[in-house]
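These notes concern the structure reproduced below.
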Amino acid sequence: MRLIAFGQRQIFYHRARLISHNNTLISPVLIPLTPPVVFQARPQPSFNKNFELLIAQLRQWKAEGYEIFICSDNTKQLDRLNAILTDLKAKVEWVPIESAISEGFVDEQLKMVVLTDHQIFQRFHQFKLRTGYTREQALNVRLLRDLQPGDFVTHIDHGVGKFSGLQKIEVGGQLQEAVRLIYKNNDMLFVGIHSLHKISKYVGKEGTEPQLNKLGSDAWQQTKARTKKKIKDIAVELIKLYAKRRATPGHAFPPDGYLQNELEASFIYEDTPDQVKSTADVKADMEKDYPMDRLICGDVGFGKTEIAVRAAFKAATDGKQTAILVPTTILALQHYRTFSERLADLPVTVDFVNRFRTAKEKKEIMANLAAGKIDIVIGTHALLGKDTKFKDLGLLVIDEEQKFGVAAKEKLRSLQVNVDTLTLTATPIPRTLQFSLMAARDMSILRTPPPNRQPIHTEIRVFNEDLIKDALYYEIHRGGQVFFVHNSIKELPKMVDILRRLCPDVEIHLAHGQMPPETLEQVLIDFIERRSDVLVCTNIIETGLDIPNANTIIINRADMFGLSDLHQLRGRVGRSNTKAFCYLFAPPFSVLTPEARKRLKTIEDFSELGDGFQVAMRDMDIRGAGNLLGGEQSGFIADIGYETYQKILDEAILELKETDFKDLFKDELAKKSDFVRDVIIETDVEMRIPDEYVTNTQERLALYTQLNDIKDEEGIERFRTMLVDRFGRLPVPVNTLFEALRMQWMCKKIGFERLVLKGGKLRCYFLSKPQSPYYQTEEFGRIISFIQKYGRKMNISVKQTTKEFIFVQDDVRGMKQTKSTLEQLMLAVEGKV
């Protein structure tokens, strides 16, 4: 394309190379194209936020007959500009345009001025790209498993070793890939790719290296046994408490009526699968004749409050009162609004007690509670006072239990002798979490985020005025609001001054707990109703403020906050389908304490949706589990690594349930179908991801880890689609991996812990624990009957040694026949043959 100019007239010509039918070049020709529109325009002048200069220029343009338009895609910004010009008595007519353009201009030919708000206010039209950490670079929960050579790992059966990469090994003349681990004295252990779940990255006491275990010695088994014994000693006491509670008579609520169904159907969002299950669990507990004690652990904004609404209404329909205990004044107000809106059309009375209420109002509420005129009362610590009397309390809901002190909890215990108790939390305190993990109370976890919810982009930075200015203007420009948290009341006004200097055209309000109640309430209502853009506050907003329009939060001196506080504060944003940002301002890492560094790193690492539970787990690692396991607990975690400690804890609890407390848990054990926890597959068939298919070793390890986590056929299909999309057509050894995975699932359901297919012989090993309830199940009896009936025809039998019970099949022709045999056994288990 070239441009030829004729005076003021411009015409574009296109130089074309034309080829004739016999491939000889024809000389170039010039083809005239449509003339473009010519603008006699110049850029918008700079006013440097000087409104006197802007008004003088606007008046001059008007006097010269120009029409003035001002563009912004933010209505509020146009209203703000109008208010400023009115206050300054500009008396200039202009037309607001609710749409954004990148730069303003003055067209002298059309006598038209088009200005942009972001140039008037000297704001960025498009937000500058942030430098520093991106979400992709930040370590998240899944990448914790992406091991680097030299990292310490714990193998559940062999102890602490060092990860040394992937290695090809030959089995029966076929190549396979395995993870190589180095133990004491440079002994090597190869772990098959279908046993990666047995390895976990070592997370123990930071700053100290663990001791490597020796392969073949019994030291590791002794360490495991000591840990398991200690866990069992404590768990026995806890489970006895649980048993005592179950023996206490409680109120059995009736099944749901039509009003309950009407309430649940009127929920404007679709329930997530976890919400459906948790609601069902809570209602089932309420219908039992012993008191409920359930913990709902769900990330901020995942729908815990809706479960509480349904439980409270179920209690009200049976004539029982509900007390909802919350840690903050604001949360009481927010819950009151939520409950009132949800139950507006139903015959239920809701009220609340906090410091916004007058003494007269409080007295009246207490009288109504005692008389049974209030069905649901929401309140702070004020509810725990000696004046509080209930006519018939049936349900106690505790929101954010970690915020209550010991004294408050003691008062609670006197309240909840035989009352159903529901505890809601986003990050349970370590002790609470351990109680639940040890089966001393029931737990439901909400892991599924609501539809269209996005992870919150989290960054750790040092205090930076340019970043603050960018972040505020970016958020406000897209129509949002900002929280700026600084946890020192004395320094809050100073922070407000800094923000007003950086962003003079932004509406900034201040809030803290020592303000008069009426003033604080008004400031919060102004923010909720979008009359202010930025709320500079202490951590009083930590629980309760549910403002979908606020999607940026800046936390100053984040190193001074606890882990659950940071997680809660971050949860104030990202409550809609808009991308949210969280900036943690702290001094450089070099001057922080090790604990503060760990806390900040954890909150940055776990920024995915639903990571509250992971944050709590990490908190338990950093702080320990209260006085639950005493001083020895941290020693055990240092010896074996955190994830392995959790696995041993699970094993210990399961063993207690199956032995000492089998009568107490008989209902749970009767429903239990997964007696086998892990299945090991050993085969001489080639199954791996070939190097030529995925060349990067780290990538292959990540893919093996993902494969090992797949739980169903749908997961295999997704994984297959992803591989084809990224790397092309699947090689045969990869398809064989999928078959091995399917066989693993079938073995688990049948009751095999280990499958060995080598040299044409199939050996499947039943559960190694002779006392396991599995051997008393109907399913096991069906397998034995099947073998007796079809043994000779299928060449199958059962062999028993002093230690093992083995299913045997000879003359097996590869994976296909093995899979066919397992499918037959599956049919036998289901009673279909």
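Each residue in region 540-560 was checked for being of a type outside the set (Val, Ile, Thr), out of contact with any strand residue (DSSP E or B) (no Cβ under 6 Å at 6 or more places or on another chain) and open to solvent by 30 Å² or more (accessible area, probe 1.4 Å), and 4 of them qualify. For region 255-300, the set of residues classified as under 22 Å from Arg572 (Cα atoms), not in a loop (DSSP other than H, G, I, E, B) and not aliphatic (A, V, I, L, M) consists of Asp274, Gln275, Cys297, Gly298, listed by residue number.
The residues of region 809-833 that are of a type in the set (S, T, N, Q), farther than 20 Å from Val732 by Cα and part of a helix (DSSP H, G or I), listed by number, are Thr821, Gln824. Within the option set Lys224, Lys228, Lys214, being open to solvent by 30 Å² or more (accessible area, probe 1.4 Å) and in a helix (DSSP H, G or I) holds for one residue only, Lys228. The set of residues in region 699-717 being exposed (fewer than 12 other Cβ atoms within 10 Å of the Cβ) and basic (Lys, Arg) consists of Lys711 alone.
Looking only at region 327-345, decide whether some residue is at pLDDT below 90, assigned to a loop (DSSP other than H, G, I, E, B) and over 32 Å from the mean Cα position of the chain (by Cα). Yes, some residue in region 327-345 is at pLDDT below 90, assigned to a loop (DSSP other than H, G, I, E, B) and over 32 Å from the mean Cα position of the chain (by Cα). Could you tell me which residue of region 104-160 is modelled with the lowest pLDDT, considering only residues that are of a type in the set (Gly, Ala, Ser) and surrounded by fewer than 15 Cβ atoms within 10 Å (Cβ to Cβ)? By that ranking, first place goes to Gly132. Scanning region 601-610 turns up one or more residues that are modelled with pLDDT of 70 or more, surrounded by fewer than 19 Cβ atoms within 10 Å (Cβ to Cβ) and within 29 Å of the chain's Cα centre (by Cα).
Residues considered: Phe69, Phe47. Of these, the only one that is at pLDDT 70 or above, of a type in the set (A, V, I, L, M, F, W, C), assigned to a loop (DSSP other than H, G, I, E, B) and within 21 Å of His477 (Cα to Cα) is Phe47.
Cβ-Cβ distance below 8 Å, separation of 6 or more or different chains: which pairs start in region 571-600 with a residue that is closer than 29 Å to Gly479 by Cα and end on one that is aromatic (Phe, Trp, Tyr) and open to solvent by less than 30 Å² (accessible area, probe 1.4 Å)? That search, which allows pairs on different chains as well, returns Arg572/Phe483; Val573/Phe483; Val573/Phe581. Restricting attention to region 445-474, the residues that are in contact (Cβ under 8 Å) with a residue 60 or more places away in the chain and over 23 Å from the mean Cα position of the chain (by Cα) add up to 10. Of the residues in region 774-797, at least one is open to solvent by less than 40 Å² (accessible area, probe 1.4 Å), modelled with pLDDT under 90 and in a strand (DSSP E or B). If you go through region 237-287 and keep only what is open to solvent by 40 Å² or more (accessible area, probe 1.4 Å), in contact (Cβ under 8 Å) with a residue 12 or more places away in the chain, out of contact with any helix residue (DSSP H, G or I) (no Cβ under 8 Å at 6 or more places or on another chain) and among the acidic types (Asp, Glu), you end up with Glu262, Glu270, Glu287. Scanning region 726-745 for residues that are surrounded by 14 or more Cβ atoms within 10 Å (Cβ to Cβ), assigned to a loop (DSSP other than H, G, I, E, B) and without any contact (Cβ under 8 Å) to a residue 40 or more places away in the chain turns up just one, Leu730.
Starting from residues that are free of Cβ contacts under 8 Å to residues at least 60 places away in the same chain and not charged (D, E, K, R), keep the ones in region 329-346 and report whichever is nearest to Lys314 (Cα to Cα). This residue is Phe339.
Can you tell me how many residues in region 378-399 are open to solvent by 20 Å² or more (accessible area, probe 1.4 Å), touching a strand residue (DSSP E or B) at 6+ places or on another chain (Cβ under 6 Å) and under 18 Å from Arg357 (Cα atoms)? Within region 378-399, residues that are open to solvent by 20 Å² or more (accessible area, probe 1.4 Å), touching a strand residue (DSSP E or B) at 6+ places or on another chain (Cβ under 6 Å) and under 18 Å from Arg357 (Cα atoms) number 1. Residues in region 288-306 that are within 19 Å of the chain's Cα centre (by Cα) and touching a residue at least 40 places away in the same chain (Cβ under 8 Å): Leu295, Ile296, Cys297, Gly298, Asp299, Val300, Gly301, Phe302, Gly303, Lys304, Thr305. Each residue in region 752-773 was checked for being in contact (Cβ under 8 Å) with a residue 60 or more places away in the chain and part of a strand (DSSP E or B), and 7 of them qualify. Selection of region 47-72 for residues being open to solvent by 80 Å² or more (accessible area, probe 1.4 Å) and within 20 Å of Cys503 (Cα to Cα) yields Asn48, Glu52, Leu53. Kindly list, by first and then second residue, each pair from a residue in region 182-199 that is in a helix (DSSP H, G or I) to a residue that is among the hydroxyl-bearing types (Ser, Thr, Tyr), limited to pairs with Cβ atoms under 7 Å and residues at least 6 apart or on different chains. Cβ pairs passing all conditions: Ile193/Tyr704; Leu196/Tyr704; Leu196/Thr705.
Quick one: count up the residues across region 85-95 that are under 16 Å from Asp505 (Cβ atoms) and open to solvent by 40 Å² or more (accessible area, probe 1.4 Å). The qualifying residues number 3. Report yes if Leu723 is farther than 22 Å from Thr818 by Cα, open to solvent by less than 60 Å² (accessible area, probe 1.4 Å) and either in a loop (DSSP other than H, G, I, E, B) or at pLDDT 85 or above (or both), otherwise no. Against the criterion (farther than 22 Å from Thr818 by Cα, open to solvent by less than 60 Å² (accessible area, probe 1.4 Å) and either in a loop (DSSP other than H, G, I, E, B) or at pLDDT 85 or above (or both)), Leu723 qualifies. Checking each residue in region 306-333 for being touching a Ser or Thr at 6+ places or on another chain (Cβ under 9 Å), more than 18 Å from Leu263 (Cα to Cα) and open to solvent by less than 30 Å² (accessible area, probe 1.4 Å) picks out Ala323, Leu325, Val326, Pro327, Thr329, Ile330, Leu331, Ala332.
Ser785 satisfies every condition listed in (1) touching a residue at least 60 places away in the same chain (Cβ under 8 Å); (2) over 18 Å from Val171 (Cβ atoms); (3) out of contact with any strand residue (DSSP E or B) (no Cβ under 9 Å at 6 or more places or on another chain) except (1).
The values are calculated or read from the model by the stated rules, or taken from the named source; none is laboratory data. Bear in mind the structure is a predicted one, so any value in this text is a computation, not a measurement. Cβ coordinates were reconstructed from backbone atoms using ideal geometry, including for glycine residues, and neighbour counts include every protein chain displayed. Side chains are part of the model used for accessible areas, which takes the heavy atoms of the whole protein and leaves out ligands, DNA and RNA. Shrake-Rupley method; radii C 1.70, N 1.55, O 1.52, S 1.80 Å.
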